[in-house]
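Below: one structure, written as structure tokens.
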Amino acid sequence: MSSPPSSTGPIRRIAHLDMDAFYASVELLRYPQLKGLPVVIGGGRRSVDEAIRNLPEGGTLADIPVESFPLLKDYAGRGVITTATYPARQFGIGSAMGLMKAAKLCPQALILPVDFDEYRRYSRAFKQVILDIAPLMEDRGVDEVYIDFTDVPGGQRDGGRSLARLIQKSIFDATGLTCSIGVAPNKLIAKMASEFNKPNGISVVYEGDLESHIWPLPCRKVNGIGPKADEKLKRFGIETVGQLAARDRDWLIQNFGKATGAWMHEVSWGRDDRPVVTESEPVSMSRETTFDRDLHAVRNRAELGAIFTHLCEKLAEDLQRKGYVGKTIGIKLRYDDFKIATRDQTIDRFTDDGKTIRQVGGQCLKRVPLERPLRLLGVRVGALAKAGSPEALAPTGAVRSTTEPASTTASLF
């Protein structure tokens with residue numbers, strides 16, 4: 001799939017580890033009485049959630065009766081599902097689905113709020129287990145990582161299955177959580193393989209397995225081929241990775257562009273030389289919120305202004321806590337018709353100051369239409385640098401901004 005290994009070196013073994021229904025699994029550790037039931041995680045904390053936590057002295061969360069938990073059918077709002085237990089997924093419920101839509105599919109499902117602090121705590125715990133065994137790990141988010149097995153003791157045994165089994169067991173012993181692991185010659189195939197045997201599975205793809213294991217898969221299974229590209233491929237009669245591999249490279253470039261066409265050709269043949277990167281710098285940080293009801297820039301001016309100020313202040317706290325400053329400040333709006341507008345402005349100095357972010361973000365808002373009601377509001381700081389770094393302390397430059405014409409509606413919040 002990649003370049004053949006040298007005659008003296010070990011075969012490249014890359015693992016992709018994906019925690020099984022991570023948020024839901026963490027909640028089931030706290031509420032074991034909900035195991036085997038359809039449960040969705042999503043939306044903000046509600047008064048009913050606090051009510052069930054009012055336990056008598058000596059009681060635990062595990063003592064809360066199942067009938068005390070709120071039902072999905074009673075939910076009203078604009079929240080979306082972050083994740084769901086496997087019994088809930090059998091009803092067609094999935095991540096990013098609106099909670100109201102999910103209620104029609106499985107009204108009897110129980111609903112729990114998102115608790116990111118708890119999820120981050122478990123995320124740090126399972127990643128530390130991995131690092132203690134295999135130190136070359138690339139963090140890909142709260143619930144997934146890549147691991148380089150190549151030179152780890154046991155990493156070559158049974159194609160990496162033995163080491164994967166050790167990591168899987170060690171994570172379960174330390175946290176009570178299960179994960180699925182795919183091991184392959186590269187990151188591309190490893191990520192696909194981690195989906196083969198969920199939950200709590202291990203899948204190994206060897207160098208000669210491309211035709212039998214990868215080519216029969218739908219093109220959509222390739223990380224990077226999204227819905228639009230997949231739809232276009234289908235119009236050409238290309239539905240599987242094997243059918244994609246059968247197309248000439250020049251034909252793909254002609255129909256999908258030089259970069260994308262060449263990339264499609266490479267991935268269809270299982271080629272991916274990307275290394276496991278143990279440290280990476282974020283390119284931006286953002287904060288956003290989806291409203292429970294549509295808000296209008298005129299009628300809800302004070303409320304929107306307070307929300308926007310709060311988002312800017314929290315984003316500044318994120319930057320300061322993580323030690324970053326940025327120069328490009330932007331906003332994101334989603335209207336009631338689900339269309340999205342974004343505007344950016346690059347200032348002449350790096351900042352992590354909430355007032356500066358609020359001021360520049362407000363200038364960006366002057367360049368977007370504000371006639372339609374809003375569903376979502378967000379703020380972003382990009383072009384990041386480490387606070388105190390030579391880049392951050394360099395002489396100032398010119399201010400740049402996006403070139404969209406200014407809206408006739410001034411920023412009202």
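Details
- Normalised by 2.2 N^0.38 Å, with N the number of residues, the alpha-carbon radius of gyration of the stretch 241-396 equals 1.38.
- The stretch 7-40: trypsin sites (Lys or Arg not before Pro) falling in loop per DSSP and having at most 14 other Cβ within 10 Å: K35
- Volume in Å³ per residue [convex hull over Cα atoms, computed for the chain]: 197 Å³
- Per-residue 3J(HN,Hα) values for the stretch 151-163, derived from phi via the Karplus relation 6.51 cos²θ - 1.76 cosθ + 1.60 with θ = phi - 60°, read 10, 7, x, x, x, 9, 5, 6, x, x, 4, 4, 5 Hz in sequence order (x marks Gly and Pro).
- Gaussian network model of the chain, springs between alpha carbon atoms under 10 Å - residue of G176, G98, G59 with greatest fluctuation: G59
- Using just its DSSP H runs of length 4 or more, each adding -39500 (n - 2.57), the chain gives a mean residue ellipticity at 222 nm of -9500 deg cm²/dmol after division by all residues.
- HN-Hα J in Hz across the stretch 281-291 - Karplus 6.51, -1.76, 1.60, θ = phi - 60°, x for Gly and Pro: 9, x, 8, 7, 9, 8, 9, 8, 9, 9, 7
- Sparsely packed loop sites in the stretch 309-370 (the trypsin sites (Lys or Arg not before Pro) outside DSSP H, G, I, E and B with at most 11 other Cβ atoms within 10 Å) comprise K339.
- Partner lysines whose Cα lies under 17 Å from the Cα of K322, excluding those fewer than 8 positions away in the same chain, are identified as K314, K386.
- Long-range HN-HN contacts of N200 with modeled amide H, under 5 Å: C179, S180
- Rounded to the nearest Hz, the phi-derived 3J(HN,Hα) couplings of the stretch 339-344 under the Karplus curve 6.51 cos²θ - 1.76 cosθ + 1.60 (θ = phi - 60°) are 6, 10, 10, 10, 9, 10, where x marks glycine and proline.
- Rounded to the nearest 20 debye, the dipole magnitude of the stretch 257-368 is 460 debye, with +1 charges on Lys and Arg beta carbons, -1 on Asp and Glu beta carbons, and the Cα centre as origin.
- Residue separation of D273 and T60 scaled by 0.36 nm, minus their Cα-Cα distance, works out to 71.7 nm of gained length.
- Choice from D248, D18, D148 with maximal GNM fluctuation in the chain (Cα, 10 Å cutoff): D248
- The stretch 117-224 pair-distance distribution - Cα-Cα, 10 Å bins, rounded %: 14, 48, 30, 7, 0
- Cross-link partners of K366 among aspartates and glutamates (Cα-Cα below 18 Å; sequence separation of 8 or more within a chain): E303, D344, E404
- Partner lysines for K191 [C-alpha distance under 28 Å; skip if fewer than 8 residues away on the same chain]: K35, K127, K169, K221, K228, K232, K234, K258
- Here the Debye sum runs over all C-alpha atoms of the stretch 337-377 as equal scatterers in vacuum, and log10 of I(q)/I(0) at q = 0.16, 0.21, 0.32, 0.33 Å⁻¹ comes out as -0.49, -0.75, -1.23, -1.27.
- Per residue, the accessible area of the chain comes to 50 Å² when a 1.4 Å probe rolls over the protein heavy atoms.
- Dipole size of the stretch 306-352 about its Cα centre, with +1 on Lys/Arg Cβ and -1 on Asp/Glu Cβ: approximately 120 debye, rounded to the nearest 20.
- Dipole of the stretch 1-158 [Lys/Arg +1, Asp/Glu -1 at C-beta], most positive-end residue of P153, G58, L99: L99
- Among G261, G43, G361: highest mean-square fluctuation, GNM of the chain, C-alpha pairs under 10 Å: G261
- Viscosity 0.890 mPa s, temperature 25 °C, Stokes-Einstein D of the stretch 21-149 from Kirkwood C-alpha radius, µm²/s: 156 µm²/s
- Cα centre as origin, Lys/Arg/Asp/Glu Cβ charges: the chain dipole, Debye: 1060 debye
- For the stretch 248-298: rounded, prolate or oblate by the Cα gyration tensor [a/c cutoff 1.5]: oblate
- Sorted from greatest to least, the principal axis extents spanned by the alpha carbons of the stretch 168-298 come out as 53, 50, 28 Å.
The values are calculated or read from the model by the stated rules, or taken from the named source; none is laboratory data. Keep in mind the model is a prediction, meaning the values are calculated, not measured. Using ideal geometry, Cβ is built from the backbone for each residue, glycine included, and neighbour counts are taken over all protein chains shown. Accessible surface areas use protein heavy atoms only, side chains included; no ligands, DNA or RNA. Shrake-Rupley method; radii C 1.70, N 1.55, O 1.52, S 1.80 Å.
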